């Protein structure tokens, strides 16, 4: 399975392009990438959804985690979600991510200077690490908006029991 994430760390903000479907099956490299960028001192991110074919709550929880980390650590940190439309925009709004991250519908090609970026390497993820990633992502969604606790209560209860 190819990773659907292209990244460009040579721009400010750091650019992440979502290509295809973003889900718990392929977002571990993105989660690791965000952690590495924060450690490296990066505080400005744009996630481009132009070619995104769909996403799940785990992926959205990873974005929520990034936005929450930026708020905690950097007063000037920015997580911008670009070129969302249709069902993807609806999901972001329904889960309250539009209150954590800046949603811009326009194109940010001027930021990228024509460089699409490099694909994040796909990694094999042990079952326990996958469960932990999914649990943390859903806890991030609840921290982002307390209304999400009703939506994800069963997922969190199941993962905590299996943890």
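The values are calculated or read from the model by the stated rules, or taken from the named source; none is laboratory data. This one's a predicted model, so the numbers in the text were calculated from it and none came from an experiment. All Cβ positions, glycine included, derive from the backbone under ideal geometry; neighbour counts span all protein chains shown.
So here's what we get for this one:
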read-out	value
From 113, 109, residue being within 16 Å of residue 18 (Cα to Cα), modelled with pLDDT under 90 and surrounded by fewer than 19 Cβ atoms within 10 Å (Cβ to Cβ)	109
Those residues of the stretch 4-40 which are touching a helix residue (DSSP H, G or I) at 6+ places or on another chain (Cβ under 8 Å) and within 20 Å of residue 131 (Cβ to Cβ), in sequence order	22, 23, 24, 27, 28, 30, 31, 34
Residue in the stretch 44-58 that is farther than 15 Å from residue 138 by Cβ, in contact with a helix residue (DSSP H, G or I) (Cβ under 8 Å, 6 or more places away or on another chain), in contact (Cβ under 8 Å) with a residue 60 or more places away in the chain and not in a helix (DSSP H, G or I) present	yes
In the stretch 1-41, the residues that are surrounded by fewer than 14 Cβ atoms within 10 Å (Cβ to Cβ), touching a residue at least 60 places away in the same chain (Cβ under 8 Å), closer than 19 Å to residue 125 by Cβ and out of contact with any strand residue (DSSP E or B) (no Cβ under 9 Å at 6 or more places or on another chain)	1
Residue within the stretch 67-86 that is more than 22 Å from residue 37 (Cα to Cα), modelled with pLDDT of 90 or more, assigned to a helix (DSSP H, G or I) and over 12 Å from the mean Cα position of the chain (by Cα) present	yes
Selected residue (criterion: modelled with the highest pLDDT) from residues of the stretch 96-106 that are assigned to a loop (DSSP other than H, G, I, E, B) and either exposed (fewer than 13 other Cβ atoms within 10 Å of the Cβ) or over 17 Å from the mean Cα position of the chain (by Cα) (or both)	105
